[in-house]
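Below: one structure, written as structure tokens.
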Ligand SMILES: [Zn+2]
């Protein structure tokens, strides 16, 4: 897929600006190629694959990260590739488990689920997992209520069935040798990059519009390298 233009990046940033994390992820996934009408019903992992596609179009396939070692607090710089942050596909098989005498058929969590369940409710996790249960049977009969321990078993299975929803990196510290696992949130990562890029771009538009009287469209038509030269010449 072709790289996103700077005007496209600004439009995407604007669409996601001021949104909560789920709606922002949906806006980014849509910009990454997901269908607007159905993106909320994709599993969270599938949605993240579209966000990852957008990340590649905007900023390429290398991720430069800074992390702090939880043991010695050394600041570490990491360079990750797409393979590091792209989960392996889920194993074949149905979304079905047998646990504590219950047979449960389930589906992965979607963005629509996350939007429907208020996270500040004390039973938010249970409500979220209940939405994913398609059927539950005990001794061949339909179960009216699924106990917590069975929902826990569903939750444990969800990360296996929708691995891109819960990416974890195996990290080790070059300084003290400590090894740990850290979650990697591609939407949060891309959003931070996009925020920084968009605000720098708007600053350039403002500076060049002020000095030369160009419109936003005219500024964006000038390449980044030339813009930097014009900004230098304008003493910015
Ligand atoms: Zn360390």
When residue 169 is evaluated against the numbered criteria (1) under 30 Å from residue 13 (Cβ atoms); (2) touching a helix residue (DSSP H, G or I) at 6+ places or on another chain (Cβ under 8 Å); (3) part of a helix (DSSP H, G or I), which criterion, by number, is the only one it fails? (3)
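Does the range 63-77 contain any residue that is in contact with a helix residue (DSSP H, G or I) (Cβ under 8 Å, 6 or more places away or on another chain) and either assigned by TED's automatic domain parsing to the domain that holds residue 25 or modelled with pLDDT of 95 or more (or both)? Step through it out loud before you land on a result.
If we filter the range 63-77 for residues that are in contact with a helix residue (DSSP H, G or I) (Cβ under 8 Å, 6 or more places away or on another chain), which is where we start, we get 63, 65.
Right, trim to either assigned by TED's automatic domain parsing to the domain that holds residue 25 or modelled with pLDDT of 95 or more (or both) and you get 63, 65.
Looking through the range 63-77, at least one residue is in contact with a helix residue (DSSP H, G or I) (Cβ under 8 Å, 6 or more places away or on another chain) and either assigned by TED's automatic domain parsing to the domain that holds residue 25 or modelled with pLDDT of 95 or more (or both).
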Which ones in the range 87-111 are surrounded by fewer than 17 Cβ atoms within 10 Å (Cβ to Cβ) and more than 14 Å from residue 161 (Cβ to Cβ)? 98, 100, 101, 103
Would you confirm whether any residue within the range 177-186 is in the same structural domain as residue 73 (by TED's automatic domain parsing), within 16 Å of the ligand (Cβ to nearest atom), loosely packed, with under 11 Cβ neighbours inside 10 Å and part of a loop (DSSP other than H, G, I, E, B)? yes
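Does residue 96 qualify as being in contact with a strand residue (DSSP E or B) (Cβ under 6 Å, 6 or more places away or on another chain) and closer than 27 Å to residue 131 by Cα?
Details: in contact with a strand residue (DSSP E or B) (Cβ under 6 Å, 6 or more places away or on another chain): yes; closer than 27 Å to residue 131 by Cα: yes.
Yes, satisfied.
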Among the residues of the range 52-76 satisfying the criterion of being surrounded by fewer than 13 Cβ atoms within 10 Å (Cβ to Cβ), in contact (Cβ under 8 Å) with a residue 12 or more places away in the chain and within 13 Å of the ligand (Cβ to nearest atom), which is nearest to residue 174 (Cα to Cα)? 72
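For the range 30-41, what are the residues that are part of a helix (DSSP H, G or I) and either free of Cβ contacts under 8 Å to residues at least 60 places away in the same chain or touching a strand residue (DSSP E or B) at 6+ places or on another chain (Cβ under 6 Å) (or both)?
Taking the range 30-41 as the starting set, the residues that turn out to be part of a helix (DSSP H, G or I) are 30-31, 39-41.
Within the range 30-41, 30, 31, 41 meet the criteria.
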Determine which member of the set 114, 129 is touching a helix residue (DSSP H, G or I) at 6+ places or on another chain (Cβ under 8 Å) and over 18 Å from residue 160 (Cβ atoms). 114
Within the set of pairs 6+ apart or on separate chains, which have a first residue in the range 1-25 that is without any contact (Cβ under 8 Å) to a residue 40 or more places away in the chain, a second that is part of a helix (DSSP H, G or I), and C-beta atoms under 6 Å apart? 15/27
Considering only residues that are under 30 Å from residue 65 (Cα atoms) and either in contact with a strand residue (DSSP E or B) (Cβ under 8 Å, 6 or more places away or on another chain) or modelled with pLDDT of 90 or more (or both), which ones fall in the range 147-159? 155, 156, 157, 158
Expected single match for surrounded by 14 or more Cβ atoms within 10 Å (Cβ to Cβ) and free of Cβ contacts under 8 Å to residues at least 24 places away in the same chain among 133, 205, 167 is 205
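A quick yes/no check of all residues on (1) buried (at least 21 other Cβ atoms within 10 Å of the Cβ); (2) under 14 Å from the mean Cα position of the chain (by Cα); (3) under 16 Å from residue 194 (Cβ atoms):
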| position | (1), (2), (3) |
| --- | --- |
| 3 | no, no, yes |
| 7 | no, no, yes |
| 12 | yes, no, yes |
| 15 | no, no, yes |
| 21 | no, yes, yes |
| 26 | yes, yes, yes |
| 34 | yes, yes, no |
| 39 | yes, yes, no |
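Yes or no: the range 129-146 includes at least one residue that is in contact with a strand residue (DSSP E or B) (Cβ under 6 Å, 6 or more places away or on another chain) and within 16 Å of the ligand (Cβ to nearest atom).
Scanning the range 129-146, I find no residue that is in contact with a strand residue (DSSP E or B) (Cβ under 6 Å, 6 or more places away or on another chain) and within 16 Å of the ligand (Cβ to nearest atom), so the answer is no.
The values are calculated or read from the model by the stated rules, or taken from the named source; none is laboratory data. Model, not experiment: these values are computed from the prediction. Heads up, the Cβs are rebuilt from the backbone with ideal geometry, glycines too, and the neighbour counts pull from every protein chain shown.
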